[in-house]
Amino acid sequence: MAFWIELLISGLVAGLVIGLSALSITLVFGIARFPNAATGDTMTVGAYGALLGHRATNSLLVGGLTGAIAGAIVGFLGYWFIFRKLAQRSNVALLVASIGLAFVLRAILGVSFGHSQQVFQLPLVRPWRIGDVPVHPNDLVLAGACATILAIVFAILHLTPIGRRMRAVADDPALARVSGISPSSVMTVLWLLAGAVSASAGIVAGIKTVVSPEMGWDLLLPAFAAAIVGGIGSPVGAVVAGLLIGVVQEMATPLVGFTYKIALSFLLMLVVLLVRPRGLFGKLEGAR
Amino acid sequence: MEAYLIAILIVTAIYVLLSLGLTLQYGLTGLINFGHVGFFCIGAYAAAILSTAGSMPIAVGLVAGMLLAGLAAIPIGLVALRLRDDYFAIVTLGFSETVRLVITSEGWLTKGVQGIPGIPKLIDGVGTGPALMILALVGFANILAVIAFLRIVKSPFGRMIEAIRDNEDAVKALGKDPARFKIQVLVLGAVLAGLSGGFYAHYIGYVSPDQFLPIVTFYVWMAIIMGGVGRISGALVGTLLLMGFLEGSRFLRDLLPFISAVEMASIRIGAVGLALILFTIYRPQGLMGDYTRRK
């Protein structure tokens with residue numbers, strides 16, 4: 001029993017990473033209307049940013065902020081130099097360009113930091129024992145940080161004027177436009193936010209495992225899967241589906257083996273697309 | 001030098017089959033296949049396994065690879081019919097990664113990460129003679145594929161798939177069922193990719209999972225986007241450019257020895273990315289294309 005609870009906990013932590021990255025994808029998909037394949041590599045940018053910040057100051061908080069700011073900058077630059085120019089084109093053009101951006105980011109990181117895996121040098125902490133179950137204090141800190149990030153994102157979306165405008169554009173871009181909502185300010189905030197959120201997902205993934213130039217690309221498929229399972233355009237759905245996929249993957253590992261756990265998210269995504277294309281929380285009219 | 005030129009031409013011809021398949025799927029029909037390498041991989045492994053462990057003749061392995069790749073495209077096609085194009089892109093990307101996971105995990109069949117060495121050559125022997133024969137063989141397959149392609153474009157089938165690309169709703173309104181055509185196109189493209197994979201396995205003589213990373217798919221995308229989407233000349237020119245780029249980056253490392261091999265790999269990925277971005281923004285019709293209608 002303790003074994004399964006341990007898996008459940010590590011699944012929840014993995015799920016936070018997937019949920020955050022899916023949140024970034026779903027925000028972009030809802031407002032800019034294309035699946036942003038550069039999300040994974042923006043995560044990597046965040047992880048390296050945090051690694052540098054952490055090394056320089058030895059503070060995880062400063063590191064995390066550095067990473068998130070780096071991610072936000074990358075998100076904005078991607079919008080300004082690429083996606084802004086493709087705004088009137090089909091989603092295929094945007095998708096292909098986002099793949100291109102993903103490769104460019106990975107190449108820059110690979111050349112600057114090398115391909116060897118790096119780790120956050122954190123002090124070892126003895127896990128607490130609750131009953132038979134070991135609980136790592138670091139996991140709790142990470143979970144707390146993720147919860148804070150989610151709270152900030154939802155507060156921006158639901159409590160601020162710019163958040164209200166973003167939701168209006170997501171709902172109906174034409175109506176938002178005639179209501180006098182300027183697309184460029186909405187887009188700027190969107191990309192800053194999406195970049196910072198993906199970066200924080202990458203930071204958590206980097207702290208939990210290792211940092212390498214390929215890490216983000218490898219996390220991209222589960223993130224897409226969670227965004228789709230949760231219902232494209234639904235921030236709550238993305239987070240819930242991320243947690244769900246994380247837990248399913250970890251709990252299934254003893255049954256299907258380590259390599260196939262990645263395929264599980266793909267399978268889950270296929271089933272949802274075929275059976276309930278709007279996902280768990282998607283809007284009824286959302287086209288598939 | 002001569003041997004090197006022939007070698008490059010053979011690899012180019014193998015890639016042309018991939019480009020033609022993708023041109024059929026994306027250029028003509030508008031299906032965003034981000035999992036092309038998955039079909040390529042199936043063809044390569046079928047040829048490799050049948051000709052080594054199965055000790056079958058090479059031709060059997062090639063045909064089996066084409067059939068298996070085509071068969072794998074059917075379930076993907078059935079899913080595709082129900083999805084919007086960008087979702088389809090994600091699903092196919094997931095498909096190719098799943099194929100790679102399966103060949104990595106099922107070691108009893110595929111020898112896992114170690115890969116399968118010692119795949120027999122298409123034509124035995126060393127030197128220019130056999131190499132030219134291989135080139136002729138792969139080139140012949142290319143010519144057949146191009147002829148088939150031209151016939152498809154001029155046929156009612158070709159007009160139908162281009163109509164699906166341009167306006168699927170109009171096609172439906174005319175009482176035609178785009179679903180059937182999409183599946184056929186996917187299967188055709190996958191068969192080409194499977195054949196390409198078979199040739200590749202027999203030419204390189206060794207297959208392992210890390211030869212079938214998603215980057216291969218995007219090499220092919222880069223080729224057709226540079227050349228011009230939806231045109232045979234675009235697929236050919238684009239593939240030549242791609243080869244020039246891949247080989248050129250190898251020479252660049254000879255000239256600039258301070259760049260390490262892994263750095264070069266990064267630079268190559270970055271260049272692919274940059275090409276995808278710049279062509280999408282500034283020259284969506286590609287070098288050969290006058291196809292300005294397509295956005």
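A few remarks follow.
- FRET efficiency for the residue A:172 to residue A:218 pair, using the beta carbon distance and R₀ = 41 Å, is estimated at 0.70.
- Contact order normalised by residue count of chain B, Cα under 8 Å, 6+ apart, percent: 32 percent
- Pairwise Lys count, the protein assembly as shown - Cα closer than 30 Å, eight or more residues apart or different chains: 18
- Under 18 Å from the residue A:276 label point (7 Å along Cα→beta-carbon), backbone N, region A:218-244: A:225-244
- The charge dipole of region A:42-186, taken about the Cα centre with unit charges on the Cβ atoms of Lys, Arg (+1) and Asp, Glu (-1), comes to about 340 debye, rounded to the nearest 20.
- Residue of A:150, A:122, A:23 that the Gaussian network model of chain A assigns the largest fluctuation, springs spanning Cα pairs under 10 Å: A:122
- Our analysis of region B:130-253 gives Rg over Rh at 1.03, with the two radii drawn from alpha carbon positions and Rh computed by the Kirkwood formula.
- Simple label model, 7 Å out from Cα along Cβ direction - residue A:159 to residue B:146, nm: 6.5 nm
- Neighbour-count ranking [beta-carbon atoms within 10 angstrom, fewest first] of A:146, B:41: A:146, B:41
- Taking the charge dipole of region B:2-213 about its Cα centre, with +1 at Lys and Arg Cβ atoms and -1 at Asp and Glu Cβ atoms, the residue from B:140, B:101, B:38 reaching farthest to the positive side is B:140.
- Modelled label positions at residue B:113 and residue A:267, each set 7 Å beyond Cα in the direction of Cβ, lie 2.3 nm from each other.
- Sequentially through region A:65-70, phi angles give Karplus couplings (6.51, -1.76, 1.60; θ = phi - 60°) of 5, 4, x, 5, 5, 4 Hz, Gly and Pro residues having no value and appearing as x.
- Kirkwood hydrodynamic radius computed over region B:222-295 comes to 13.0 Å, based on all pairs of distinct alpha carbons.
- Note on B:233, B:96, A:10, A:200: ascending count of other Cβ atoms within 10 Å places them as B:233, A:10, B:96, A:200, the fewest first.
- Projected-area mean, the protein assembly as shown, by convex hull of Cα positions, square nanometres: 27.9 nm²
- Candidates A:163, A:237, A:64, ranked by Gaussian network fluctuation over chain A, Cα under 10 Å, top entry: A:163
- Multiplying the residue separation of residue B:262 and residue B:137 by 0.36 nm and subtracting their alpha-carbon distance yields 41.6 nm.
- Label separation (residue B:204 vs residue A:85): 3.3 nm, computed from points 7 Å beyond Cα along the C-beta direction.
- What you get for region B:106-217, charging only the Cβ of Lys and Arg (+1) and of Asp and Glu (-1), is a dipole of about 320 debye around the Cα centre.
- Chain B - Kirkwood radius from inverse mean 1/r over Cα pairs (Å): 19.5 Å
- Between residue A:121 and residue A:184, residue separation times 0.36 nm minus the direct Cα-Cα distance comes to 18.6 nm.
- Per-residue average of Cβ from other chains inside 10 Å of A:108-116: 4
- Here's the picture: charge each Lys and Arg Cβ at +1 and each Asp and Glu Cβ at -1 in the protein assembly as shown, and of A:64, B:221, A:53 the one pushed furthest to the positive end of that dipole is B:221.
- Backbone phi angles across region A:14-26, fed through the Karplus curve with coefficients 6.51, -1.76 and 1.60 (θ = phi - 60°), yield HN-Hα couplings of 4, x, 5, 4, 5, x, 5, 5, 5, 4, 4, 4, 5 Hz in residue order; Gly and Pro are listed as x.
- Interchain or long-range residues, amide H under 5 Å from residue B:207's placed H: B:116
- Förster radius 51 Å - calculated FRET efficiency between residue A:56 and residue B:155 (Cβ-Cβ, nearest 0.05): 0.20
A short reminder: the numbers here are calculations on the coordinates, not readings from a lab. Here the structure is a predicted model, which means the values were calculated and not measured. With ideal geometry, Cβ positions are generated from the backbone for all residues, glycine too; neighbour counts draw on all protein chains shown.
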